[in-house]
1. With labels modelled as points extended 7 Å from the Cα through the Cβ direction, what inter-label distance (nm, one decimal) is found for Leu137 paired with Ser190?
2. Got a sec? Charge dipole of the chain, +1 on Cβ for Lys and Arg, -1 for Asp and Glu; which of Ala150, Ala81, Tyr68 is way out at the positive end?
3. What share of all Cα pairs of the range 100-224, in percent, falls into each consecutive 10 Å distance bin?
4. Amide H neighbours of Gly112 under 5 Å, at least 5 residues apart or on other chains, H built in the peptide plane: list them.
5. Report D for the chain in µm² per second (integer): Stokes-Einstein, Kirkwood Rh on Cα pairs, 20 °C, 1.002 mPa s.
6. Measure of size requested: the Rg and Dmax of the range 18-94, with Cα atoms as the atom set and Å as the unit; please supply both.
7. Taking only DSSP H segments of four or more residues, each worth -39500 (n - 2.57), what value at 222 nm results for the chain once the sum is divided by all its residues, to the nearest 500 deg cm²/dmol?
8. Compute the semi-axes of the equivalent ellipsoid of the range 45-90, taking the square root of 5 times each eigenvalue of the Cα gyration tensor, and list them largest first in whole Å.
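Any read-out appearing in this document is the output of simple, stated calculations on the displayed coordinates, not a laboratory observation. Note that the structure is a prediction, hence the values are computed from the model and not measured. Cβ coordinates were reconstructed from backbone atoms using ideal geometry, including for glycine residues, and neighbour counts include every protein chain displayed.
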Amino acid sequence: MKFTFTTLFPNLIEGYFQDSILKHAIDKEILKIEYLNPRDFSLNKHMKVDDTAVGGGAGMVMNPQPMYDSLDFLKKQDANAHIVFLTPVAKQFTQNDAKRLAKKSHIAFVSGRYEGIDERVIEEYADEVFSIGDYILTGGELPSLVICDAISRNIAGVLGNSDSLSIESFETKLLEAPSFSKPKDYRENSVPSEYLKGNHSKIRSLKLALSECKTKFFRPEQLLKHRTRTSYEK
């Protein structure tokens, strides 16, 4: 899988791939990371990439010329590149999206800055547009990393143990059950005794109950979806 990050600030992204799981995946050539800077395509003598908004309003907007030319270059390099724009005014990214996009061969993330990207660029080039939540960030670099990480975990060979995917939050409608490590007692606080008895059927039942409790507390709407689905399946 190739990921291309179209951004004015590649340095904000590069460091994330220098350690841990994703670095190992790059070293094994499972993942390939590239960068495309729209500023390199600016025809302005000062390499300017933004301008005032038509119709007025505060802030600057990334103007179309550097964006058009950089994405034209991208598509000439790979016509099958799946282009994803990051913006708060879009559908929210989900685990199902991560699993679906993990089947692509090349995903290009386009990160906006300032007050956003000229809408004509999005209409021309976007295969998909995603938000990671109902809040505003200073740019699209963090959302692009979040989505890249989520997708990468679902690519064969990236995780050391692919079985761990099946127990994570959002693989069902429930949040994942609490996890515990050794020692079994620490600062007068013990792990649930059922975890220590080796009865895997009872452990699974306890984990399900704990998942339901956690989901009820943090994401009650997810618990309702879970109960609706299980009732339907019966």
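1. The answer from the label model is 4.3 nm.
2. Ala150
3. Histogram of Cα-Cα distances, whole percents per bin: 10, 27, 29, 21, 10, 4, 0.
4. The list, which skips near neighbours in sequence, is Leu86, Gly140.
5. Numbers: Rh = 20.5 Å.
Once the numbers are plugged in, D ends up at 104 µm²/s.
6. Here Rg and the maximum Cα pair distance are 16.6, 50 Å.
7. Values: 8 runs with 85 residues, N = 234.
Counting only the DSSP helices, I get -11000 deg cm²/dmol.
8. On the way: eigenvalues 120, 53, 10 Å².
For the range 45-90, the ellipsoid semi-axes come out as 24, 16, 7 Å.
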